[in-house]
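Working notes, beginning with the structure itself.
The values are calculated or read from the model by the stated rules, or taken from the named source; none is laboratory data. The model shown is predicted, which means the values in this text are computed figures rather than measured ones. With ideal geometry, Cβ positions are generated from the backbone for all residues, glycine too; neighbour counts draw on all protein chains shown.
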Amino acid sequence: MKPEKKHGAVPVSRVRLRSAEACCAARGSGQVLEALRREVNARGLEDEVQVTACSSLGLCEHGPNLVIYPEGLWYSGVTPADVPEIVRSHFQEDSPVERLRPLR
Ligand code: FES
């Protein structure tokens, strides 16, 4: 049986935001989302890792946030420069990037 596919979601919608300045989109989540898609494809993980945008996760002041299922694990304050480490460490080495997990 094939293992369950992992899923990374990045909020890019401004729906339910209190202020545009505080939202993930205003802090560059769109660039994080594109970097994540590129890195997953570059490493040939597109059949194992599904990347989607989502609406606000409710912790806007810590964004851009990334939540990964099935673990339910969050990364916060993510930049495009963090994405290669996340993909390599989390998805390929099964080792979370602890420095991006201030909300544990
Ligand atoms: S917009 Fe990212 S958590 Fe609210």
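Just one of (1) more than 14 Å from the ligand (Cβ to nearest atom); (2) over 13 Å from LYS6 (Cβ atoms); (3) in a loop (DSSP other than H, G, I, E, B) fails for LEU45. It is (2).
Here is a check on your reading of the model: is SER89 surrounded by 14 or more Cβ atoms within 10 Å (Cβ to Cβ), of a type in the set (Gly, Ala, Ser) and closer than 20 Å to ARG27 by Cβ? Considered against the rule, which asks whether it is surrounded by 14 or more Cβ atoms within 10 Å (Cβ to Cβ), of a type in the set (Gly, Ala, Ser) and closer than 20 Å to ARG27 by Cβ, SER89 comes out as no. Of all the criteria given as (1) under 15 Å from ARG101 (Cα atoms); (2) buried (at least 21 other Cβ atoms within 10 Å of the Cβ), the one not satisfied by VAL67 is (2). Beta carbons closer than 6 Å, at least 6 apart along the sequence or on distinct chains, pair a first residue in the stretch 6-31 that is in a loop (DSSP other than H, G, I, E, B) and surrounded by 15 or more Cβ atoms within 10 Å (Cβ to Cβ) with a second that is of a type outside the set (Asp, Glu) and modelled with pLDDT under 75 for CYS23/ARG14; CYS23/LEU17; CYS24/PRO11. Does GLU61 fit the bill of being surrounded by fewer than 20 Cβ atoms within 10 Å (Cβ to Cβ), free of Cβ contacts under 8 Å to residues at least 40 places away in the same chain and assigned to a helix (DSSP H, G or I)? For GLU61, the condition - surrounded by fewer than 20 Cβ atoms within 10 Å (Cβ to Cβ), free of Cβ contacts under 8 Å to residues at least 40 places away in the same chain and assigned to a helix (DSSP H, G or I) - is met.
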